[in-house]
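Below: the structure, in structure tokens.
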Amino acid sequence: MLQIEHVTKKYKNFTALTDVNLELENGVYGLLAPNGAGKTTLMKMITTLLFPTEGQIRYNGEDIHRLDGAYREKIGYLPQDFGYYRDYTPEEYLRYIGILKGMPRQRLTESIDRVLELTGLSGEAKKKMKKFSGGMVQRVGIAQALLDSPQILVLDEPTAGLDPGERMRFRKILANLSKDRLVLISTHIVSDVEFIANHIIMIRDRRIYCNDTVENICGKLAGQVFETAIPAEALPRWEERYRVVSQRQEGENMAVRFISRMERAADWRPCQPGLEDVFLSTYQEGQGKEWNDVGN
Ligand SMILES: Nc1ncnc2c1ncn2[C@@H]1O[C@H](COP(=O)(O)OP(=O)(O)OP(=O)(O)O)[C@@H](O)[C@H]1O
Ligand SMILES: [Mg+2]
């Protein structure tokens, strides 16, 4: 179990994260927040690449920096800016990473076959990566993070650059992997984690804003999400009053999906809240007077 206790990270005078407290067990956690919220900063601290300015991170009760190599060998990490060697094939690259990790030869060979299979790269194992699409390179990145079945898997925006088919494959890979390990995935794409993460962690204003199941998080908006049709010119007024999460043209009118905390009207159709509603309403500053009046 990973315990993050009162962790603050400052870059010189700039505070990127303040007083982060989290307890992470086996399962899939989706770290969901917009650009610049501090996702990478948190992940780099968890992988020991950055030191917290204050607070500490413990693995089964022991400080991760004190555990050092014994902790690091349990981690698989896909950095956001995953660098790779263009002249290598996936097989060569994975061998190189495995040797750096100190994996014995036989175990490494088996592990390479397994992760290539898992990421659907077996057929591409001997092709140079410089010929690969962005999505294929990303899969090599995921494959190297999976080498040696790490207990803790930290994936920083693993679905960036993947097309819809590849996203689907990625979700399946994760569903298989997540049984007895801790997986932390960052993203700002709600649909990437909505169905694979048991828990969603959101960062807002440099702090952990929530850490809960998808069900509980969406439950907070129960009875507050509606759809209705309004004339297109009424949209600005609507946005001023409510938190509009989506809109689409429907003939002469606009079909708007929005959140109203207190007000109700007979011609509003109640909707089941989804994570997208939570995400958009959480980070949409300056919209929805009605929302702000009620207090958030
Ligand atoms: N080395 C650094 N020096 C100074 N400021 C930094 C440094 N690294 C990150 N920051 C700042 O800290 C904040 C959090 O950055 P971080 O990269 O953790 O966010 P993120 O959620 O991963 O964003 P993205 O979705 O764009 O990857 C940002 O405001 C960023 O500009
Ligand atoms: Mg980042």
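Just give me the residues in segment 118-136 being part of a loop (DSSP other than H, G, I, E, B) and either among the β-branched types (V, I, T) or without any contact (Cβ under 8 Å) to a residue 12 or more places away in the chain (or both), in sequence order.
Residues satisfying the conditions are T119, F132, S133.
Return yes or no: is G38 in contact (Cβ under 8 Å) with a residue 60 or more places away in the chain and over 24 Å from G161 (Cα atoms)?
Values: in contact (Cβ under 8 Å) with a residue 60 or more places away in the chain: yes; over 24 Å from G161 (Cα atoms): no.
Criteria not met by G38.
Restricting attention to strands (runs of 3 or more DSSP E) lying wholly within segment 1-85, give those where 1 or more residues are within 16 Å of ligand 2 (Cβ to nearest atom).
Answer list for segment 1-85: 2-11, 14-24, 27-32, 75-78.
Restricting to segment 253-286, what's the tally of residues that are surrounded by 12 or more Cβ atoms within 10 Å (Cβ to Cβ) and under 28 Å from the mean Cα position of the chain (by Cα)?
Selection size over segment 253-286: 19.
So that you can scan it fast, the table gives a plain yes or no per residue for (1) open to solvent by 40 Å² or more (accessible area, probe 1.4 Å); (2) within 13 Å of the chain's Cα centre (by Cα); (3) more than 16 Å from ligand 2 (Cβ to nearest atom); (4) in contact (Cβ under 8 Å) with a residue 40 or more places away in the chain:
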position: R169; (1), (2), (3), (4): yes, no, yes, yes
position: G219; (1), (2), (3), (4): yes, no, yes, yes
position: Q224; (1), (2), (3), (4): no, no, yes, yes
position: A234; (1), (2), (3), (4): no, no, yes, no
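Modelled with pLDDT of 95 or more, out of contact with any strand residue (DSSP E or B) (no Cβ under 7 Å at 6 or more places or on another chain) and assigned by TED's automatic domain parsing to the domain that holds S133, is that true of D63?
no
The conditions are (1) in contact with a helix residue (DSSP H, G or I) (Cβ under 7 Å, 6 or more places away or on another chain); (2) within 16 Å of ligand 2 (Cβ to nearest atom), and G135 fails exactly one of them. Which is it?
For G135, the failing item is (2).
Answer yes or no as to whether A222 is part of a strand (DSSP E or B) and at pLDDT 95 or above. Reasoning before the result, please.
Values: part of a strand (DSSP E or B): no; at pLDDT 95 or above: yes.
Criteria not met by A222.
The values are calculated or read from the model by the stated rules, or taken from the named source; none is laboratory data. Bear in mind that the values here come from a model prediction, so they are computed numbers and not experimental data. Methodologically, a virtual Cβ is constructed for each residue, glycine included, from the backbone with ideal geometry; neighbour enumeration extends over all protein chains shown. The protein model used for the area step is the full one, side chains on, heavy atoms only, and it has no ligands, DNA or RNA in it. Shrake-Rupley method; radii C 1.70, N 1.55, O 1.52, S 1.80 Å.
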